[in-house]
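The values are calculated or read from the model by the stated rules, or taken from the named source; none is laboratory data. Quantities reported herein were computed from a predicted structural model and do not represent experimental measurements. Backbone-built Cβ (ideal geometry, glycine too); neighbour counts: all protein chains shown.
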């Protein structure tokens, strides 16, 4: 897993993905809910010089790995298909293991413990909270986090063969 995160960071540096100094410190958050409306937890985001730091704290989930992505539309209705596909403003292919990937909205799997809870921090060098950047998550129709029932295989289109969508949360800027 660490090898994949280092590879992601290296790809970002080679691709020239950078964070504007003006965007450092920008914040966003998302409240995730299951299809039944119950609160699953929060994801807080802050722009750093290395990308966006995500602080993930979720509960009430099945133990094991779960795919997590940023999706193209800030809407979480019904089965969460309203959130659209993985956010991909730069036209990449899905997955860290794809030679033409990853997409801006691709994120590493999260691993839920036996308690049904997970608390983890990770950095995505591909996404930005900078409203001026082409890959900003604050486009006209917003974005959302979507949590999946199984692990993302980091290769298969459209969503890493991760199964059904089990939770969703619209991403909103923090003032």
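For this structure, a couple of remarks:
- Condition check for residue 84: in contact with a strand residue (DSSP E or B) (Cβ under 7 Å, 6 or more places away or on another chain), without any contact (Cβ under 8 Å) to a residue 24 or more places away in the chain and surrounded by 14 or more Cβ atoms within 10 Å (Cβ to Cβ): yes
- Screening residue 89 on (1) farther than 17 Å from residue 171 by Cα; (2) in contact (Cβ under 8 Å) with a residue 40 or more places away in the chain; (3) surrounded by fewer than 23 Cβ atoms within 10 Å (Cβ to Cβ); (4) out of contact with any helix residue (DSSP H, G or I) (no Cβ under 9 Å at 6 or more places or on another chain) shows it passes everything except condition (1).
- Apart from one condition, residue 175 fits all of (1) without any contact (Cβ under 8 Å) to a residue 12 or more places away in the chain; (2) within 22 Å of residue 40 (Cα to Cα); the exception is (2).
- Any hit, the stretch 116-123, residues being buried (at least 23 other Cβ atoms within 10 Å of the Cβ), touching a strand residue (DSSP E or B) at 6+ places or on another chain (Cβ under 6 Å) and at pLDDT 95 or above: no
Residues are listed down the side, and each one gets a yes or a no for (1) more than 21 Å from residue 162 (Cβ to Cβ); (2) at pLDDT below 95:
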{"position": "20", "(1), (2)": "yes, yes"}
{"position": "23", "(1), (2)": "yes, yes"}
{"position": "28", "(1), (2)": "yes, no"}
{"position": "34", "(1), (2)": "no, no"}
{"position": "43", "(1), (2)": "no, no"}
{"position": "60", "(1), (2)": "no, no"}
{"position": "69", "(1), (2)": "no, no"}
{"position": "74", "(1), (2)": "no, no"}
{"position": "87", "(1), (2)": "no, no"}
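- Verdict on residue 117 being under 18 Å from residue 163 (Cα atoms) and more than 11 Å from the chain's Cα centre (by Cα): no
- Residues of the stretch 54-74 satisfying the condition of being in a strand (DSSP E or B) and either under 21 Å from residue 94 (Cα atoms) or without any contact (Cβ under 8 Å) to a residue 24 or more places away in the chain (or both): 54, 65, 66, 68, 69, 70, 71
- Condition met for residue 98 (surrounded by fewer than 18 Cβ atoms within 10 Å (Cβ to Cβ), in contact (Cβ under 8 Å) with a residue 12 or more places away in the chain and part of a loop (DSSP other than H, G, I, E, B)): yes
- With respect to being touching a strand residue (DSSP E or B) at 6+ places or on another chain (Cβ under 8 Å), farther than 13 Å from residue 108 by Cβ and either part of a loop (DSSP other than H, G, I, E, B) or free of Cβ contacts under 8 Å to residues at least 40 places away in the same chain (or both), residue 163 fits the description.
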